[in-house]
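Rule-based calculations on the coordinates, nothing more; no lab input. Only a predicted model underlies this, so the values are computations on that prediction, with no experimental measurement involved. Here Cβ is always computed from backbone atoms with ideal geometry, including for glycine, and neighbour counts include all displayed protein chains.
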Amino acid sequence: MKSKVLSKGLLYHLKWKVDLNKFIYGGTNFNLAEISSADCMFEKWLRSDEIAKYASNLEIRQIDNLHTEIHEIAKRVYELKILGKNAAARKELKKMEKTCMKLNSLLIALRISNNN
C-alpha cells in the first residue's frame, strides 16, 4: 500500500476531528451527515478500491472497528452539545481522543511499514 494512500486517510480523519472540535467549542456548524460513519470521507476512503485489496489485513480491520467506535462517541458528543450540555459533550470528546490516537497510530504504522 503506498504511503500517499494512507496519508489521505489520515488527513480525512484529522479534518473530521478538527471540524467536530470546532463545533463543540462554539465554532462552525458540523455536518450532521458526518456523524454517521457511513457518510464521512474517511469511511468512503476505507471502502475505496485503493484500500479494498488490504481488507484482510488485521490493521485494516482494527482501523475499521476504531472508526465505528469513534462515530458512536461522536454521536453522543453531538447530542449532548445540541441539548446544551457543553461540559458533558467536552468530557465525551476527551474519551474519543484516546480512540482517535489509536486509529492515528495504526494509520501511521501502516504508512511506515509500507514505505519500505
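Can you compute the FRET efficiency between Asn57 and Lys98 using 1/(1 + (r/R0)^6), with r the Cβ-Cβ distance and R0 = 25 Å? Round to the nearest 0.05.
Values: r = 23 Å, r/R0 = 0.90.
According to the calculation, E is roughly 0.65.
Kindly express, to the nearest 10 degrees and within the range 0 to 90, the angle between helix 86-113's C-alpha long axis and the longest C-alpha principal axis of the chain.
With rounding to tens, the tilt is 10 degrees.
Please work out the Cα center distance from segment 1-80 to segment 82-97, rounded to the nearest Å.
Rounded to whole Å, the Cα centres lie 18 Å apart.
Lysines within cross-link reach of Lys91: Cα-Cα under 30 Å, excluding same-chain residues under 8 positions apart?
Lys8, Lys15, Lys17, Lys22, Lys44, Lys75, Lys81, Lys102
Okay, helix-only estimate at 222 nm for the chain: each DSSP H run of n ≥ 4 adds -39500 (n - 2.57), divide by all residues, round to 500 deg cm²/dmol; what do you get? Walk me through the numbers before you get to the answer.
On the way: 5 runs with 85 residues, N = 116.
Calculated mean residue ellipticity at 222 nm is -24500 deg cm²/dmol.
Report, in degrees rounded to the nearest 10, the 0 to 90 angle that the Cα long axis of helix 3-24 makes with the longest principal axis of the chain.
0
So for segment 3-113, averaging the separation of alpha carbon pairs under 8 Å that are six or more residues apart and normalising by length, what relative contact order in percent results?
On the way: 84 pairs, mean separation 36.9, N = 111.
For segment 3-113, the relative contact order is 33 percent.
If you take the charge dipole of the chain about its Cα centre, with +1 on Lys and Arg Cβ and -1 on Asp and Glu Cβ, which of Ile63, Leu10, Asn86 is farthest toward its positive end?
Asn86
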